[in-house]
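Student: Structure provided below as structure tokens; questions to follow.
What follows is calculated from the coordinates using simple rules that are stated; it is not laboratory data. What you see is a predicted model, and the numbers here were worked out from it, not measured in a lab. No Cβ is skipped: glycine too gets one built from the backbone with ideal geometry, and neighbour counts run over all protein chains shown.
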Protein chains: 4
Amino acid sequence: MLIVMHHQATQEQIDQVIAAVIAMGLQAEPIPGSLRTAIGVLGNQGYVDDSTIRTLAGVRETIHVSKPYKLVSRDFHPVSTVVDVSGVRFGDGEKPVIIAGPCSVESEEQILEAAEQVKAAGAQMLRGGAFKPRTGPYSFQGLGLKGLKYLQQAGQASGLPVVTEVMRIEQLDTICQHADMLQVGARNMQNFDLLKEVGKTGHPVLLKRGMSATIEEFLAAAEYIVAEGNTQVVLCERGIRTFEKTTRNTLDLSVVPLIREMSHLPIIVDPSHATGKRMLVPIMSKAALVAGAHGVMVEVHPNPAGALCDGAQSLSGNDFAEFMKDIDRLYEFLGYSD
Amino acid sequence: MLIVMHHQATQEQIDQVIAAVIAMGLQAEPIPGSLRTAIGVLGNQGYVDDSTIRTLAGVRETIHVSKPYKLVSRDFHPVSTVVDVSGVRFGDGEKPVIIAGPCSVESEEQILEAAEQVKAAGAQMLRGGAFKPRTGPYSFQGLGLKGLKYLQQAGQASGLPVVTEVMRIEQLDTICQHADMLQVGARNMQNFDLLKEVGKTGHPVLLKRGMSATIEEFLAAAEYIVAEGNTQVVLCERGIRTFEKTTRNTLDLSVVPLIREMSHLPIIVDPSHATGKRMLVPIMSKAALVAGAHGVMVEVHPNPAGALCDGAQSLSGNDFAEFMKDIDRLYEFLGYSD
Amino acid sequence: MLIVMHHQATQEQIDQVIAAVIAMGLQAEPIPGSLRTAIGVLGNQGYVDDSTIRTLAGVRETIHVSKPYKLVSRDFHPVSTVVDVSGVRFGDGEKPVIIAGPCSVESEEQILEAAEQVKAAGAQMLRGGAFKPRTGPYSFQGLGLKGLKYLQQAGQASGLPVVTEVMRIEQLDTICQHADMLQVGARNMQNFDLLKEVGKTGHPVLLKRGMSATIEEFLAAAEYIVAEGNTQVVLCERGIRTFEKTTRNTLDLSVVPLIREMSHLPIIVDPSHATGKRMLVPIMSKAALVAGAHGVMVEVHPNPAGALCDGAQSLSGNDFAEFMKDIDRLYEFLGYSD
Amino acid sequence: MLIVMHHQATQEQIDQVIAAVIAMGLQAEPIPGSLRTAIGVLGNQGYVDDSTIRTLAGVRETIHVSKPYKLVSRDFHPVSTVVDVSGVRFGDGEKPVIIAGPCSVESEEQILEAAEQVKAAGAQMLRGGAFKPRTGPYSFQGLGLKGLKYLQQAGQASGLPVVTEVMRIEQLDTICQHADMLQVGARNMQNFDLLKEVGKTGHPVLLKRGMSATIEEFLAAAEYIVAEGNTQVVLCERGIRTFEKTTRNTLDLSVVPLIREMSHLPIIVDPSHATGKRMLVPIMSKAALVAGAHGVMVEVHPNPAGALCDGAQSLSGNDFAEFMKDIDRLYEFLGYSD
């Protein structure tokens, strides 16, 4: 950490800051400049909580050099993590994973049909929401436990591992029994108690980036899970909230190569929620894979026009089959053989 | 809802859309224009889920006229709600409420001293976090149940009702026993399961606006609580996330008069978290009250330089006493007598 | 400036960075830490262009301590600037200035009537656009030179100094002849050539904050004007662009006290453009003045329903007269006597 | 346009709105709903200025269906435009164009060397700034006319057409003489007078998206140029300003397929300014081309570590040669043969 003093800070104020740093068990190294003095803080093994320092007289600002995460950082763990979800593998050196399925499980027939369609087209995992986060209380909230069981059946029937969202801690045991991977949604990315409990399960996790989460906060959220001993975390970029409203969110594809450099965890992309527009999903999926994503998750519905949620961003089974042909060609270009 | 068709949409596509609207039990009113056709949707009693419609051929966009909330809307409930927290009242016609106290309960002595200081200066409620949401797992996470009990004691000793944050559903019973008001933090504003359970308690709630929540989403979150039968909800603006980083967040004061027009629920402002800078807290508190806030919540710590969290934005006891003298003068100007 | 090296940076890389700093005529002070090395850069008299350094091997990031402005900074010029516009004074110790008038000059009658109304109600300056920046080419673009002359006449008739926007350099001479103050609009805040030429005129300037300008960029834009020798610059907060669309922009009132601390230049607020809603203008004006603004600029139109631009955010003459009565009471409270 | 009335609007208010619409020469079609009345506006040939309407009593909001642009819209001009810059062609069916070169022209040698390098590697156009927009007045502002001449020489020597930024209207004639294409920078995207004059030249234009410009504003800016009779406009996405600061801006790649659908103008991507990080430039360029961009513009500098501006985001000549090999492979995959 660097402490920057005000232009007019007195020597006495500088000395007080130095004393405060030492009181924290750290070393202080003053750097007198032509215009102002800065004080380097040394000896910390990680992120320094600067609340105390920032309040001292004469301090203009503090600048962090260390980050609020460590276990997920490539700086400290250079070897890439591969996450294994019932045999489907996410990570460097693995063929990128295509997860597909409807926004919500709506009925036994719907999810079975979706599972068959996406399996036939070549998807490796099945998604489907049983417990749904919806902006308002009057929208369809999901089938709950019944939906979860239908999802599991559909997974078993098609031979695809399944991922579904967990919204509250009490659901964790049940979801771990029925699903191969737990999804923590964007709205819960900073639901820290949920993250800790998810960490304790040891179950593979798909952690979505919060709507207004910085990369640092995203990685710090993953750190909560890994700090509980669960390293099986796949990150997921799903668009951030900006002033631009033509798309549902703004897909921030640059984070893919950035996170690959900053962290050893795999990262995938969800172009369906990011863009909110069906026509953009195939093309942005391809862009994501070229940008280095370890997978994409796309919404597929047997009958998008009748979907109970997010129909506008869902591909039909036929759309998806077309899309997968393109993906096959792209994988060949990218050097992944079957 | 209005459905806007593409310029080149065919009559057949228009007819399909009309049929789909009718299938939803609603009426469709085509509005042929010089350049394109729009279709008005009539007969709905509230927000229409447009997923189905948006996917039909020839549809360019759908435009919502109704909102995803109703119970919290002043349109439907013109009479202002007054929220009563153990005798402290928030709402139109009531003197604005000053809530004060430290970010975290750190020890029995600290919270008792803070309570005495803020009571002596004229605050009407005491705040203090026992369970703390922190970006990274290595920051101080709060004293938990012990902190909650200290807070209750400090409230009783000073005669001030207390508010504290709830982070997980299992904590609800305990917190309801020890605190007069439940706070739902910004990071949990769309933790819909928590909102529903908070709604079932019937306990007064302080609902903070999410970091990137629109006004519509903010009110829809309140609707989750009220829909469970709990009308005792105070809204709290605490700054939104923008590109500007000189302040911790961007305090969006215009929402105060806007929400007073759109909703019958009271709204207060938290300038400490919004700005993150102690020097801005008193002046922005006054601006908030002039803008019509039903209260402000400010961080006060007996010793900000030693605070375990958010020291940089906390007032000392002396700062707060000075601040309250200003507030007294302002209240006189605004026409609130003691 | 501080240069932060990568965790695995070699001593050779560190030495190269030190050599590069020295080659720039500055001093380098290595600060070895437990996890990584940082290098303090000393000896600079202002902002350091770090392009060279950031590209060297082993460098993780550079952190600026100095700012891209100096002449406008209170750090270096502690005495507040008072800007005098034909006798109307903006700045510390002066009564805040109310500027009022229509968005656009639409006709001789309209601006004369507006001038009379705002003068009668107590405004100190008249605004009115002759050259208008409009998002699309098919909206009313202003009356041009004719409008400018009408504005000058209205100013002379009412005894109010006038301010109007300049959009291109060739207009500068003419506008300086007809108007007491030049406005640089939000869309031109980083039109650096215009800023330089405005600086050369020596004419008082109202510089509006760009829609997505940080405080640092806002002050750096003012620096362009002051660096040409023109210190008569009034800053104007007019809302920033965020995800929230219920208001036209998000009024960032916290910048008022912040800029008063960071700069010696006066700062006013434009609540009409910030909010885009007439009902919010009076209340947010009062909040701005309580937050320390040196003035407010509000849109007033004799007949808002017939306005050619921004009618929805304009007060009528009667609205404005009511508003000014409130302002009088507020000024008394704030300690400004006539 | 749709006019939405308040829930409690009276019949008299509705009648007034209808009268106002008719007074504008348009037709009004009331759509009575269960909860409120809406009024469809028909008969307009384009964007309706709603200032008058929005101010009438009882009006809650107006919703635009038409857009503030028409000439650039694919709705009205379905055939794609191909822009020809001295033989280099941008647009559908053309091989995507690689523009490369330094941020600034720094010397005759530097730009000649850069031109040779990028030509040898396969670039089709040369970029280089002679007049530079810089946040603060103390950064390098470009070589001006001298730089422009060096750029032209380098273009002629290498056989590459050149593009350079225009910052003020007086420079237009000169730049048209020396450069094949005019660039309007992000900071000037809403400098409407500059846009109009650029439109009058008839010279090919590269129009960069403003930092906080919506897609609608971006296309409306292009409309200013095309409305003057100049259809030779290439759009350029260069990142938008968001809360995320790890990258210089947030590259919004989804606009590429969106704009290809909404407009007939070609669109390219500038990953150097969007990301600000050299390591991201090659990979995000490829992602952009897969997303459908008609070209990319990348910064290349013979010696990035010594660059006077933006060295951190510039590729070296060798980096660029490597990059172009990848691009060749990608073009083959995408079906562009030489």
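Student: From other protein chains only, count the Cβ atoms within 10 Å of every residue's Cβ in B:120-130, then give the mean.
Tutor: Values: counts 0, 0, 0, 0, 0, 0, 0, 0, 0, 0, 0.
Average per residue, whole number: 0.
Student: With just the Cα atoms defining each centre, how far is the stretch A:102-143 from the stretch A:235-309? Give it in Å.
Tutor: 17 Å
Student: What ranking of D:Leu26, D:Leu315, B:Leu145, D:Leu151 emerges when the number of other C-beta atoms within 10 Å of each C-beta is taken as an exposure proxy, fewest first?
Tutor: Ascending Cβ contact count within 10 Å gives the list B:Leu145, D:Leu26, D:Leu315, D:Leu151.
Student: In the neighborhood of A:Gln232, defined by Cβ-to-Cβ distances under 12 Å, what is the net charge if each Lys or Arg adds +1 and each Asp or Glu adds -1?
Tutor: Charge balance in the 12 Å sphere: -2.
Student: Jot down the radius of gyration and Dmax of the stretch A:2-63, Cα atoms only, both in angstrom.
Tutor: When restricted to Cα atoms, the stretch A:2-63 yields Rg and Dmax of 10.6, 31 Å.
Student: A further question follows. For the pair C:Ala157 and C:Glu108, how long in nm is the line joining their label points, each one 7 Å along Cα→Cβ?
Tutor: Between C:Ala157 and C:Glu108, the label points sit 0.9 nm apart.
Student: Right, something else. Tabulate in residue order the Karplus-calculated ³J(HN,Hα) for the stretch D:191-199, using 6.51 cos²θ - 1.76 cosθ + 1.60 with θ = phi - 60°, rounded to whole Hz; enter x for Gly and Pro.
Tutor: Result, rounded to whole Hz: 8, 5, 5, 5, 4, 4, 5, 4, x.
Student: Enumerate the whole-percent occupancy of each 10 Å bin, from 0 to the last occupied one, for all C-alpha pair distances of the stretch C:86-225.
Tutor: Over the stretch C:86-225, the share of Cα pairs per 10 Å bin runs 12, 40, 37, 10, 0 percent.
Student: When the helices in chain D are scored as -39500 (n - 2.57) per DSSP H run of 4 or longer and the sum is shared across all residues, what 222 nm value do you end up with, to the nearest 500 deg cm²/dmol?
Tutor: Per the formula, -10000 deg cm²/dmol.
Student: Kirkwood hydrodynamic radius for the protein assembly as shown: how many Å is it when counted over pairs of different Cα atoms?
Tutor: It is 32.4 Å.
Student: For a test of understanding, tell me how many lysine pairs in the stretch A:83-334 have Cα atoms under 21 Å apart, given they are 8 or more places apart or on different chains.
Tutor: Lysine pairs satisfying the spacing and distance rule in the stretch A:83-334 number 21.
Student: In debye, nearest 20, what is the charge dipole magnitude of the stretch A:83-334 about its Cα centre with +1 on Lys and Arg Cβ and -1 on Asp and Glu Cβ, if you could check?
Tutor: 440 debye
Student: Say a label goes 7 Å from Cα toward Cβ at B:Gln153 in every copy; what distances in nm does this one have to the rest, shortest first?
Tutor: Copy-to-copy label distances at B:Gln153, shortest first: 5.6, 7.9, 8.3 nm.
Student: Between rounded, prolate and oblate, where does the stretch A:278-338 land on the alpha carbon gyration tensor, with a ≥ b ≥ c its root eigenvalues, rounded for a/c under 1.5, else prolate if a/b exceeds b/c? Write out the running numbers ahead of the final one.
Tutor: On the way: a/c = 2.92, a/b = 2.02, b/c = 1.44.
Taking the square roots of the gyration eigenvalues as a ≥ b ≥ c, the stretch A:278-338 is prolate.
Student: Need one word for the stretch B:83-334: rounded, prolate or oblate. Basis is the Cα gyration tensor (sqrt eigenvalues a ≥ b ≥ c); a/c below 1.5 gives rounded, then a/b vs b/c decides. Each step should come with its number before you reach the end.
Tutor: Values: a/c = 1.24, a/b = 1.06, b/c = 1.18.
Because its axes are fairly even, with a/c under 1.5, the stretch B:83-334 counts as rounded.
Student: Under a 10 Å cutoff between Cα atoms, tell me which one of A:Gly276, A:Gly159, A:Gly101 has the largest fluctuation in the Gaussian network model of chain A.
Tutor: Largest GNM mean-square fluctuation: A:Gly159.
Student: In nm, one decimal, shortest first: how far is the label point of A:Phe333 (7 Å from Cα along Cα to beta carbon) from the matching points in the other copies?
Tutor: When each copy's label point is compared with this one, the spacings are 0.5, 6.5, 6.5 nm.
Student: In addition: So the label point sits 7 Å from Cα along the Cα-to-Cβ vector; using that for C:Thr10, what distances do you get to the other copies, in nanometres, sorted shortest first?
Tutor: 5.0, 6.8, 8.4
Student: Quick check on the exposure proxy: order A:Val118, A:Val79 from fewest to most C-beta atoms within 10 angstrom.
Tutor: A:Val79, A:Val118
Student: Summing +1 for each Lys or Arg and -1 for each Asp or Glu, what net charge is found among the other residues whose Cβ lies under 12 Å from the Cβ of C:Glu170?
Tutor: After counting each charged neighbour, the total is -4.
Student: For the rotation taking A to B, I'd like to know which residue in chain A has the C-beta closest to the axis, plus that distance in Å.
Tutor: Reported as residue, whole Å: A:Ser212, 2.
Student: Same structure, new question: Count, for each residue of D:271-278, the Cβ atoms from other chains sitting within 10 Å of its Cβ, then give me the mean as a whole number.
Tutor: 2
Student: How crowded by other chains is A:21-28, given as the mean number of beta carbons from other chains within 10 Å of each beta carbon?
Tutor: So the per-residue partner count for this stretch is 1.
Student: OK, next. So if we plug the beta-carbon distance of D:Lys149 and B:Asp326 into 1/(1 + (r/R0)^6) with R0 = 60 Å, what FRET efficiency do we get, rounded to 0.05?
Tutor: Efficiency, from the Cβ-Cβ distance: 0.45.
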